[in-house]
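As C-alpha cells, the structure follows; a few thoughts come after it.
The values are calculated or read from the model by the stated rules, or taken from the named source; none is laboratory data. Every value quoted in this text rests on a predicted model; they were computed, and no experiment measured them. Neighbour counts are summed over all protein chains in view; Cβ atoms, including those assigned to glycine, are modelled from backbone coordinates with ideal geometry.
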Amino acid sequence: MREHQQAFQDKGAQLAAIGLGGADYARLFREKTGITFPLLIDEERLAYKAAELRKASVAHLFRADNKLARQRASAAGHRQHKIGKNPFQLGGSFVFGPGNKDYFAHISQTFGDNASPADLLAAIP
C-alpha cells in the first residue's frame, strides 16, 4: 500500500493499517516497511473480531493459492517479518467513508489474499 499512498490521497482518502503486535513490533514493522500512514495496534484482536475476519490453519500453508501469493510477494521483494503472537490471523481490506458508510470489504481467505490497490481505489466515491 505504501507505493499507492499518493493515489489514495489524490482521491481524498487516507490509509491506515491495523496490526496485532505491540508497540515494539509496530515500530519495527514501520522501520522495515517504510510506511508513513497510521499503524494502529490491536493486540486483543477486537477489530479483527468485529470485522469477523477469519483465522487460518496449518493446512493453509499448503494451499496452491497461498503458494502463488508467496511467490508474488517474493518476486516483488517482500520478505516475512517477525511472526507475531497470532500468526494464523487473516486480514481484510476495507474502504469506509463519512457517515458510517462501508464502500468496500474484502475478507482474506488465506495468507496473501489481499484486495488489490486498484480495487480499493475504484471503491472510493
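Residues in the range 12-50 that are within 13 Å of the chain's Cα centre (by Cα), assigned to a loop (DSSP other than H, G, I, E, B) and exposed (fewer than 15 other Cβ atoms within 10 Å of the Cβ): how many?
3
For the range 74-108, which positions are farther than 20 Å from ASP42 by Cα and at pLDDT 85 or above?
Selection gives GLY97, PRO98, GLY99, ASN100, LYS101, ASP102, TYR103, PHE104.
Which residue is nearest to the chain's Cα centre (by Cα), if the candidates are limited to the range 52-72 and must be assigned to a loop (DSSP other than H, G, I, E, B) and surrounded by 15 or more Cβ atoms within 10 Å (Cβ to Cβ)?
Of all residues in the range 52-72, those assigned to a loop (DSSP other than H, G, I, E, B) come to 52-54, 56-57, 63.
When the remaining residues are screened for being surrounded by 15 or more Cβ atoms within 10 Å (Cβ to Cβ), the result is 53-54, 56, 63.
Numbers: LEU53: 11, ARG54: 13, ALA56: 15, ARG63: 19 Å.
Applying the filter and picking the extreme gives LEU53.
Determine which single condition PHE104 fails, assuming it passes every other condition in (1) assigned to a loop (DSSP other than H, G, I, E, B); (2) more than 19 Å from ARG63 (Cα to Cα).
(1)
What single numbered condition from (1) touching a residue at least 24 places away in the same chain (Cβ under 8 Å); (2) part of a helix (DSSP H, G or I) fails to hold for LYS85?
(2)
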